[in-house]
């Protein structure tokens, strides 16, 4: 995928622990001086706004876009038509402000073509994705694989190991 900032995805079946891994991984990377953006795919209707807030009231009054701005952050919401197709990763990345970021972490978009680390828990009973996806460059699992997958194996429970892999492989590839 052609994007000016290095990106790496975390692909897995739902409930595998992608968000939990990212929650622990982000502070480790930040402590090493890496400025991070995250793009997360949602498979369902979601809302970051809440009833009773002015922005929610304005959206429900018919505003198609609402921008909240303060000295601490911006938040932008855009309503899409009901017949809108599922956004691609490229669609989402289009809206990302790349100023001041060194790395984009992507959660989801597992069927798209970009570098990914597969998160896997054998106890979940789901098949591995890597045999059918040449863009998976490592497997982060809570158990070693029974057979050698031919790609690096990382511990899903060791975010420092995952951070080291990203620093060596993803950010080095971007140079």
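The values are calculated or read from the model by the stated rules, or taken from the named source; none is laboratory data. Keep in mind that what you see is a predicted model, and the values were worked out from it rather than measured. Cβ placement follows ideal geometry from the backbone for every residue including glycine, while neighbour counts extend to all protein chains displayed.
Restricting segment 127-147 to residues that are outside any loop (DSSP other than H, G, I, E, B) and more than 20 Å from residue 162 (Cβ to Cβ) leaves a set whose member that is modelled with the highest pLDDT is 132.
Quick one: in segment 142-158, of everything that is closer than 26 Å to residue 1 by Cα and in contact with a helix residue (DSSP H, G or I) (Cβ under 7 Å, 6 or more places away or on another chain), which residue is surrounded by the fewest Cβ atoms within 10 Å (Cβ to Cβ)? Restricting to residues being closer than 26 Å to residue 1 by Cα and in contact with a helix residue (DSSP H, G or I) (Cβ under 7 Å, 6 or more places away or on another chain), the top hit is 152.
If we only count strands (runs of 3 or more DSSP E) wholly inside segment 19-122, which ones have 3 or more residues that are closer than 30 Å to residue 172 by Cβ, in contact (Cβ under 8 Å) with a residue 40 or more places away in the chain and in contact with a strand residue (DSSP E or B) (Cβ under 8 Å, 6 or more places away or on another chain)? Write out each step before concluding.
Values: elements: 36-40, 65-69, 74-78, 103-107, 116-120.
Per the criteria, 36-40, 103-107, 116-120.
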